[in-house]
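Novice: Pasting a structure here, questions to come.
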Amino acid sequence: MTVQVNKTAAAIDGVVLDAPIFDPHAFRLNDEQAGIIALARQLGQAVFAGRAAAYDRDAKFPTENYRDLHRSGLLGIAIPKKHGGLGADYQTYALAAAEIGRYCGATALTWNMHVCSTLWSGPLADDLDMDTAARDEHEQRRAVHYKRIVDAGAVYSQPFSEGGAAAAGGVAFGTEAKPVKGGWIVNGKKIFASLAGHADYYGVLCTEIAEGEKASRRNTLYLALPARTDGISVVGDWDPLGMRGTVSRTLLFKDVFVPDDAALMPRGVYFQAAMRWPHMFLTLSPTYMGLAQAAYDFTVRYLRGEMPGTPAVKRRMYPTKQIAVAQMQIKLEQIKAIWFQAVTEARANPTKEQVLRAYAAQYSVMEGANEIATLAIRTCGGQAMLKSLPLERIYRDSRCGSLMLPWTAELCLDRIGREALYETGETDD
């Protein structure tokens, strides 16, 4: 059961802290996990929540939040401890990211793009097959990237989309890397590139193509391009419906030289990950898990007359309001249950059932967050639509989730239906 948001046993800087989305005792989290997740919640509520409206209004990147993420150690949440990070596993990161998303969706969503560079090259890559030479080389290379993050607060992004089927895994990426002496020459374009113009390194997925070869998904490279490298440009405006603080402008790469040591994964490992570690594509969902909780939190506070910036008027005594809150509670608990299970069982070589559950969790969170936000506005009434209150922003941010590749809501439905009815290799011929 969701704990009432006004009841908590802790406070920081005079702020009474919300109860965690996932109670450590009820969800069987260990003390180390609980500490990392609590740190994210404290930072989100005490610091990020107060800045979120300005980032949204001005479509401004949350640079200040990233300085705080670095100071707190959360910029290196998934970096192994031996490299100076917090050493969080997939589940711990997902739960911490949900807490950040609860208070600032744009910060959580962009933080995910950064964390994936360390999650994918760290604990995820450790589960994959590499020969001794490749693993030794990978260990040396990722240590360089991790040191930049831990010591200097370097921010990595993960530009993914190109406007076609590549981001959904249907074809090879159109951004190409031509092998040359000492590295590659990269050419291409990425759209909806979160952190564009604000990251220190762009973790670009591209297709390695030697002279005379055809593009193949098997030859996908994951390269960290320094943002200030000649040939990289950021173009276009950013004035979207929601997630305005992500500043997801278009990135262009024109004859960009990238050295060998820029690889975030060895050759062939990204394709192996995409085939064997499908939960790697579920990491956008924690932000929306947090937004779902935020919409519920707002409604309870508002109806109890406890929402800052509004008159202390109680509206909780009306049956219609009580029924609506009950519906929101049920939807929230359904989302939490399937999503927690999916992020808990994330691993290499999941079963068919686990993959189908991951798709179902993605769909449930991305659609359910906006359903709860929609019901919250309807239940709270006209004042809830004011931009001076966070629910209007929560609604807009939550509306965008089901559109995000590689697992859009439509793709999840398509894959669930097809994969439930067909075994691998089966046809109707």
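Read-outs throughout are calculated quantities, based only on the coordinates presented, and are distinct from any laboratory measurement. Note that the structure is a prediction, hence the values are computed from the model and not measured. Cβ sites come from the backbone with ideal geometry, for glycine too, and all protein chains shown count toward neighbours.
Novice: Report the calculated FRET efficiency for E423 and D127 (r = Cβ-Cβ distance, R0 = 22 Å), to the nearest 0.05. Before the final figure, lay out the partial values.
Specialist: Numbers: r = 25 Å, r/R0 = 1.12.
Efficiency, from the Cβ-Cβ distance: 0.35.
Novice: Helix-only mean residue ellipticity at 222 nm, the chain, DSSP H runs n ≥ 4 weighted -39,500 (n - 2.57), per residue, nearest 500. What is it?
Specialist: That comes out to -14500 deg cm²/dmol.
Novice: Sticking with this one: Mind listing P(r) for the range 322-429? All alpha-carbon pairs, 5 Å bins, whole percents.
Specialist: Cα pair-distance distribution for the range 322-429, in percent: 2, 11, 17, 18, 18, 12, 9, 6, 4, 2, 1, 0.
Novice: Then there's this: Return the FRET efficiency for the residue pair E410, E306: r is the Cβ-Cβ distance, R0 is 35 Å, and the value is rounded to the nearest 0.05.
Specialist: 0.35
Novice: Then there's this: On the principal axes of its Cα set, how long, how wide and how thick is the range 199-269? Give whole Å, largest value first.
Specialist: 41, 24, 22
Novice: Moving on. If you wrap a convex hull around the Cα atoms of the chain, how much volume per residue is inside, in Å³? All intermediate terms of the calculation are to be shown ahead of the outcome.
Specialist: Working: hull volume 64.0 nm³, N = 429.
Dividing the Cα hull volume of the chain by its residue count gives 149 Å³.
Novice: What does a probe at R218 reach in the range 168-208, counting residues whose amide N is under 14 Å from the point 7 Å along Cα→Cβ?
Specialist: Residues passing the 14 Å test: 172, 208.
Novice: Normalised by the residues of the chain, what does the relative contact order come to in percent, with Cα pairs under 8 Å and at least six apart?
Specialist: 16
Novice: On the first, second and third principal axes, largest extent first, how far apart are the outermost C-alpha atoms of the range 294-379 in Å?
Specialist: 53, 23, 15
Novice: If you bin every alpha carbon distance in the range 238-350 into 5 Å steps from zero, what whole percent lands in each bin?
Specialist: 2, 8, 11, 12, 13, 14, 13, 9, 6, 5, 4, 3, 1, 0
Novice: May I ask you to derive the FRET efficiency for A210 and Q327 from their Cβ-Cβ distance with R0 = 51 Å, giving the value to the nearest 0.05?
Specialist: On the way: r = 57 Å, r/R0 = 1.12.
Computed FRET efficiency for A210 and Q327 comes out at 0.35.
Novice: Could you sort the peptides 294-305, 413-424 by per-residue average Cβ neighbour count (10 Å cutoff), highest mean leading?
Specialist: Result, highest mean Cβ count within 10 Å first: 294-305, 413-424.
Novice: Could you give the distance between the Cα centres of the range 116-184 and the range 227-273, to the whole Å?
Specialist: Each part reduced to its Cα centre gives a spacing of 12 Å.
Novice: Put a dot 7 Å past each Cα toward the Cβ at A54 and T344; how far apart are the dots in nm?
Specialist: It is 4.0 nm.
Novice: Here is a further query. Please compute P(r) over all alpha-carbon pairs of the range 21-169, binned at 5 Å starting from zero, and give each bin as a whole-number percent.
Specialist: Per 5 Å bin, starting at zero, the Cα-Cα P(r) for the range 21-169 comes out as 2, 9, 18, 20, 19, 15, 11, 5, 2, 0, 0 percent.
Novice: While we're on this one: Semi-axes, largest first, in whole Å: what does sqrt of 5 times each Cα gyration tensor eigenvalue give for the range 282-337?
Specialist: On the way: eigenvalues 120, 44, 5 Å².
Sorted largest first and rounded, they come to 24, 15, 5 Å.
Novice: Kirkwood hydrodynamic radius for the range 139-270: how many Å is it when counted over pairs of different Cα atoms?
Specialist: 15.1
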